[in-house]
Amino acid sequence: MTAPTAVNFPGTARPAAPSRHLVLRLMTTPLKLGDWFRGIAVRQWQNILTALIQIWANKARSVLTTLGIIIAVTSTIAVVSFVQGFGNYVTDMLRNFGTNMVVVIPEFPSGMHGRMIGRVVMDIGDIRAVGGQCDKVRRISPVVFSQVNIEYGREKAEGVELRGVTEQFQPIRSFFVDAGRFFGPIDVDYGRQVCVLGRAVLRLLECNDEIVGDYVFINQQRFQVLGLLEEKGNMMGNRQDEVVVVPYTTSVKMFPFMRTFMPFIIEATSEEGVEEASLQVTRVLRERHDLRPGQPNDFRLLRQDEFLRDFEKVKMIATSVLSGIVGISLIVGGIGIMNVMLVSVTERTREIGLRKAIGARRRDIMSQFITEAVALATVGGLIGVLLGGVICSVASMHPRMAADIYVPVWVVLLALGFSAAVGVFFGMVPAFKAAILHPIDALRHE
């Protein structure tokens, strides 16, 4: 019995069977790609080992070659770490003051408008209106500034900063007491002659915590010491502990002219509400001062969050500029690497000729010398990172170092990346010079 034969009808095409060759190619392509990548990795690893062997064989020359890179990376690490450390220290200090704090001060507008306004007035009525009409204001306190002399026994402190405030000044500015107590609303309402002293004032008066409850003379007026403020330290040259705080009602009795020129500070309900609180304060003060549309404000708002943002910008610009200036020395280090690599090509001309004679390609020679240049630069970068870290650690251990100096990870990665890039860039010329050598001329080289 014979098998039936297939019949092809006119106008129909027989479906083509998949090509076995095509299937085999698709199946073996990933394997070939894997072998290709594996070969590249092996050759590159051999180049790295050869580069490290060359560095170790010429230790003195390698150290001198990478000295520029070492100095550049060390300087970059140290400068950036110091700038970031001190910047973070100031930023944290500002944040401790509260980013939702706004200072309002009376101010003469500039130009013709200022001369037309005449006298600028800001009194306790303005402050009470702001506190009563602005729902985004959580706390508010007038701040009367002046300088006074304080006497205690035979000791006298001159030019001490006096601040006349309410009891709400304490939580707004985080000026808490660690001995005794802060004055309360009754002390403010009755204008009692009580005060709270900063720690630096104690040192000026040569006394201790036992002064709490005792009396001092401020501008020859007798005040009872209720408490002592926590030590705040110095900030941007401002000695925060050299201060005496009294009720504002008492301070305006001492300085009557401050009744109509009274700055104040507010604390917004939240950091997000600072903008709205500032707008509410501006609206209330403009209404009370009868300022028409188009007229400039006769007061100024100093926002803590704006100052913080401005400082962050300054810190970023300072870091970038100083890093760029110090990073110029990386170019000097790269030129040193290029010069030494050119000498190395001349010394190893016969080796290059021998490698080419046994089948090495131009790209193999280029890869070898570029790898050596990158290895030199990277080793110098690693040494620079270690030295920079040691400098920062030693600086942090200094007893007078207030800021925490640490090395950011991104600076380390950036320094190593630039070091490797310098090695690639300045290693191209020696590598190309080695790659274009003719094998016969190279073997004849003495």
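In the condition set (1) open to solvent by less than 10 Å² (accessible area, probe 1.4 Å); (2) modelled with pLDDT under 90; (3) within 19 Å of Glu267 (Cβ to Cβ), Thr99 is compliant with all but (1). Please go through the range 175-201 and give me each residue that is surrounded by fewer than 19 Cβ atoms within 10 Å (Cβ to Cβ) and either over 13 Å from Leu228 (Cβ atoms) or touching a residue at least 60 places away in the same chain (Cβ under 8 Å) (or both), ordered by number. Listed by number, the residues that qualify are Gly184, Pro185, Ile186, Asp189, Tyr190, Gly191, Arg192, Gln193.
Any residue in the range 208-215 that is surrounded by fewer than 21 Cβ atoms within 10 Å (Cβ to Cβ) and within 30 Å of Val90 (Cα to Cα)? Yes; the residues of the range 208-215 include at least one that is surrounded by fewer than 21 Cβ atoms within 10 Å (Cβ to Cβ) and within 30 Å of Val90 (Cα to Cα). When the range 243-276 is examined, which residues are found to be part of a helix (DSSP H, G or I), crowded, with 18+ Cβ neighbours inside 10 Å and not aliphatic (A, V, I, L, M)? If the condition is that a residue be part of a helix (DSSP H, G or I), crowded, with 18+ Cβ neighbours inside 10 Å and not aliphatic (A, V, I, L, M), then Tyr248, Thr249, Thr250, Ser251 are the ones that fit. Screening Thr91 with (1) modelled with pLDDT of 85 or more; (2) polar (S, T, N, Q); (3) surrounded by fewer than 17 Cβ atoms within 10 Å (Cβ to Cβ) gives one miss only, at (1).
Across the range 136-174, the qualifying residues are those that are assigned to a loop (DSSP other than H, G, I, E, B) and at positive phi, and the one among them that is least open to solvent (accessible area, probe 1.4 Å) is Ser174. Residues in the range 392-405 that are under 30 Å from Ile337 (Cα atoms) and surrounded by fewer than 16 Cβ atoms within 10 Å (Cβ to Cβ): Ser393 only. In this structure, Thr371 does not qualify as out of contact with any His (no Cβ under 6 Å at 6 or more places or on another chain), at pLDDT 85 or above and in a helix (DSSP H, G or I). When Leu204 is tested against the conditions (1) open to solvent by 30 Å² or more (accessible area, probe 1.4 Å); (2) touching a helix residue (DSSP H, G or I) at 6+ places or on another chain (Cβ under 9 Å); (3) among the hydrophobic types (A, V, I, L, M, F, W, C), the lone failure is (2).
Conditions tested, residue by residue: (1) farther than 22 Å from Val103 by Cα; (2) at pLDDT 90 or above.
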| position | (1), (2) |
| --- | --- |
| Glu167 | no, yes |
| Leu205 | yes, yes |
| Val212 | yes, yes |
| Ile218 | yes, yes |
| Gly237 | no, no |
| Val244 | no, yes |
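Looking only at the range 277-301, residues that are in contact (Cβ under 8 Å) with a residue 60 or more places away in the chain and either open to solvent by 90 Å² or more (accessible area, probe 1.4 Å) or touching a Gly at 6+ places or on another chain (Cβ under 6 Å) (or both) come to 2 in all. Scanning the range 140-152 for residues that are in contact (Cβ under 8 Å) with a residue 24 or more places away in the chain and either small (Gly, Ala, Ser) or within 23 Å of Leu197 (Cβ to Cβ) (or both) gives Ser141, Pro142, Val143, Val144, Phe145, Ser146, Val148, Asn149, Ile150, Glu151, Tyr152. Only one of (1) closer than 28 Å to Lys59 by Cα; (2) part of a helix (DSSP H, G or I) is not met by Ala360, so which one is it? Only one criterion is unmet by Ala360, namely (2).
If the condition is being hydrophobic (A, V, I, L, M, F, W, C) and open to solvent by 20 Å² or more (accessible area, probe 1.4 Å), then the range 344-366 contributes Leu354, Ala357, Ile358, Ala360, Met366. Lys232 meets all of the listed conditions (1) out of contact with any strand residue (DSSP E or B) (no Cβ under 8 Å at 6 or more places or on another chain); (2) surrounded by fewer than 15 Cβ atoms within 10 Å (Cβ to Cβ) but one, namely (2).
Looking at Leu437, is it of a type in the set (A, V, I, L, M) and open to solvent by 60 Å² or more (accessible area, probe 1.4 Å)? No: the conditions fail for Leu437. Under the condition of being farther than 25 Å from Ser419 by Cβ and polar (S, T, N, Q), the residues counted in the range 287-344 number 3. Quick one: which residue in Arg239, Arg283 is over 20 Å from Pro171 (Cα atoms) and basic (Lys, Arg)? Unique residue meeting the criteria: Arg283. Arg309 meets the conditions (1) free of Cβ contacts under 8 Å to residues at least 60 places away in the same chain; (2) open to solvent by less than 50 Å² (accessible area, probe 1.4 Å); (3) more than 30 Å from Ala373 (Cα to Cα) in every case but one. The failed one is (2).
The values are calculated or read from the model by the stated rules, or taken from the named source; none is laboratory data. Note that the coordinates shown come from a computational prediction; the quantities given were computed from them, not determined experimentally. Ideal geometry is used to build each Cβ from the backbone, glycine not excepted, and the neighbour counts take in all protein chains shown. With ligands, DNA and RNA removed, areas are computed over all heavy atoms of the protein, side chains included. Shrake-Rupley method; radii C 1.70, N 1.55, O 1.52, S 1.80 Å.
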